[in-house]
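Below is one structure, written out as structure tokens; comments come after it.
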Amino acid sequence: METVLTPHEATLYEQLGGEAAVDAAVDIFYRKVLSDSRISSFFDGVDMDRQAAKQKAFLTMAFGGPHSYTGLDMRRGHQHLVARGLNDSHFDAVVELLGATLAELGVAPDLIAKVAAIAESTRNDVLNR
Amino acid sequence: MPNIRYDGQDYAVQPRETVLDCLLRNNVAISYLCKAGSCQSCLVKGSDGTVPEFAQRGLKDTLRTQSYFLACSCVPKGDLTVAPAGNDQRTPALITRLESLNDTVLRVRLRAEAPFGYFAGQYVSLFRDDGLARSYSLASLPDESELELHVRRIPGGAMSEWLHRTAQTGTRLWLQCPAGNCFYLPGDVGQPLLLAGTGTGLAPLYGIVRDALRQGHTGPVWLFQGALTRSGLYLTGELAELERTWPNFHYVRSVPQHGDQAGEAEAGTLDDCILRRFPSLAGWKGYVCGDPQLVNSLRKKLFLAGMGSKAIYADAFLSSVR
């Protein structure tokens with residue numbers, strides 16, 4: 001099916017609810033991440049304030065919102081985690097938790113799929129390959 | 001390489017080196033403490049150059065506009081003249097009372113000799129005449145006539161040993177700009193509040209609790225005080241009295257093991273005692289103060305129990321790097 005974009009059609013970020021939606025999602029998402037035994041060890045000992053700010057930046061990007069991430073930032077930011085064993089299974093877990101967060105907030109499945117696709121586009125940079 | 005000029009001398013700054021590290025490398029005597037941009041002991045004033053914005057984070061507007069900055073957080077981009085903040089930014093204060101609260105904690109009361117505004121729960125850098133500096137949290141309320149600090153005696157600790165052994169009523173000290181964002185702001189007066197700390201983490205909490213109650217907080221206010229042994233708990237009488245005065249204030253003491261000496265304290269670690277009573281903390285506001293390891297682990301547990309990340313105010317007591 002072909003969708004015709006008009007200049008006034010809302011962006012993904014707007015459809016999701018913009019910054020307010022990110023704010024609503026960030027604690028739910030971060031709580032899931034910290035409670036998930038598959039990935040929680042990567043967050044041991046990190047500063048919570050700084051980490052919450054990073055989660056917000058990540059969600060803003062995944063929601064199609066304004067961000068200044070580059071592929072290089074993604075690589076550098078995760079290099080030390082890849083050295084500790086970060087791999088596809090962990091990346092999959094994060095994408096899964098992101099989807100579960102949005103579902104919990106009542107976001108429609110087609111929008112969740114778009115968010116997942118944006119997150120997916122960072123996989124190779126995050127895993128440094 | 002940029003040069004910094006300090007006290008008439010020029011020093012070349014190495015790549016990525018901070019102003020503080022450069023001065024220390026050159027054996028310049030300068031007050032500092034945490035090296036993390038928190039304690040503000042290394043406050044200096046810049047001129048004839050640009051002060052990076054990052055070096056002014058956490059400073060009051062009035063200090064920023066006068067080009068004050070933190071030497072530990074400043075990697076200069078170009079030449080800069082640096083002067084010590086000196087006593088013009090410090091308030092003299094006299095020790096009025098010294099009182100032992102338990103084996104290791106001394107209550108130091110001071111009277112500021114000039115107006116000294118702060119929020120209950122903030123911390124100050126305390127300077128001795130010779131420039132020795134340490135940070136302490138304020139346990140007093142801004143409208144009280146005396147400032148109150150709780151000083152734990154640290155073996156070999158220059159300031160704490162001196163305060164415990166040598167300092168006397170009438171000794172003059174200097175206070176520098178209160179800092180920290182762990183304090184009460186009136187907003188949702190019905191919101192449940194949780195305050196938790198071990199050791200002298202109680203000092204800021206003692207101020208925040210009384211501030212919240214006096215400002216008319218109507219929601220439940222729970223204070224959890226933890227210690228390794230019963231003798232580590234202090235101010236228990238004052239807090240029990242506070243509990244009798246304010247029906248919405250609740251005070252819980254905890255020690256890890258129930259020994260013979262446990263008395264009215266609950267058995268268990270601080271986080272166990274909290275989460276046993278309140279498995280869900282959604283909608284609460286929290287204040288956590290004291291040992292950094294405890295603060296970081298507890299705030300994570302409070303968050304996982306449902307407290308919002310922005311609703312948790314934490315003050316991890318950094319120890320001196322010297």
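Computed quantities for the displayed model
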{"quantity": "Residue satisfying all of: in segment B:34-89; closer than 22 Å to residue B:16 by Cβ and of a type in the set (Val, Ile, Thr); nearest to the chain's Cα centre (by Cα) among these", "calculated": "B:44"}
{"quantity": "Of residues in segment B:178-195 being outside any loop (DSSP other than H, G, I, E, B) and at pLDDT below 90, the one surrounded by the most Cβ atoms within 10 Å (Cβ to Cβ)", "calculated": "B:178"}
{"quantity": "Options A:25, A:52, A:57: the member that is touching a helix residue (DSSP H, G or I) at 6+ places or on another chain (Cβ under 6 Å), more than 11 Å from chain B (Cβ to nearest Cβ) and either within 15 Å of residue A:95 (Cα to Cα) or small (Gly, Ala, Ser) (or both)", "calculated": "A:25"}
{"quantity": "Qualifying residue in segment A:116-129 (condition: under 22 Å from residue A:20 (Cβ atoms), basic (Lys, Arg) and surrounded by 13 or more Cβ atoms within 10 Å (Cβ to Cβ))", "calculated": "no"}
{"quantity": "Given (1) surrounded by fewer than 18 Cβ atoms within 10 Å (Cβ to Cβ); (2) more than 23 Å from residue B:177 (Cα to Cα), index of the condition residue B:13 fails", "calculated": "(1)"}
{"quantity": "Any hit, segment B:80-93, residues being within 30 Å of residue B:234 (Cβ to Cβ) and of a type in the set (D, E, K, R)", "calculated": "yes"}
{"quantity": "Subset of segment B:262-298 [buried (at least 22 other Cβ atoms within 10 Å of the Cβ), within 11 Å of another protein chain (Cβ to nearest Cβ) and modelled with pLDDT under 95]", "calculated": "B:295, B:298"}
{"quantity": "Residues located in segment B:308-322, provided they are touching a helix residue (DSSP H, G or I) at 6+ places or on another chain (Cβ under 9 Å), more than 9 Å from chain A (Cβ to nearest Cβ) and in a loop (DSSP other than H, G, I, E, B)", "calculated": "B:317, B:318, B:319, B:320, B:322"}
{"quantity": "Residue tally, condition surrounded by 12 or more Cβ atoms within 10 Å (Cβ to Cβ) and either touching a Ser or Thr at 6+ places or on another chain (Cβ under 7 Å) or on the phi > 0 side of the Ramachandran plot (or both), over segment A:72-100", "calculated": "1"}
{"quantity": "Strands (runs of 3 or more DSSP E) enclosed by segment B:41-134 - at least 2 residues per element that are farther than 23 Å from residue B:171 by Cβ", "calculated": "B:43-47, B:68-70, B:80-84"}
{"quantity": "Boolean, residue B:127 is in the same structural domain as residue B:171 (by TED's automatic domain parsing), touching a strand residue (DSSP E or B) at 6+ places or on another chain (Cβ under 8 Å), crowded, with 16+ Cβ neighbours inside 10 Å and over 16 Å from residue B:161 (Cα atoms)", "calculated": "no"}
{"quantity": "Given (1) outside any helix (DSSP H, G or I); (2) under 14 Å from the mean Cα position of the chain (by Cα), number of the condition residue A:86 does not satisfy", "calculated": "(2)"}
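The values are calculated or read from the model by the stated rules, or taken from the named source; none is laboratory data. In this text the structure is predicted, and so the values were computed from the model without any measurement. Cβ sites come from the backbone with ideal geometry, for glycine too, and all protein chains shown count toward neighbours.
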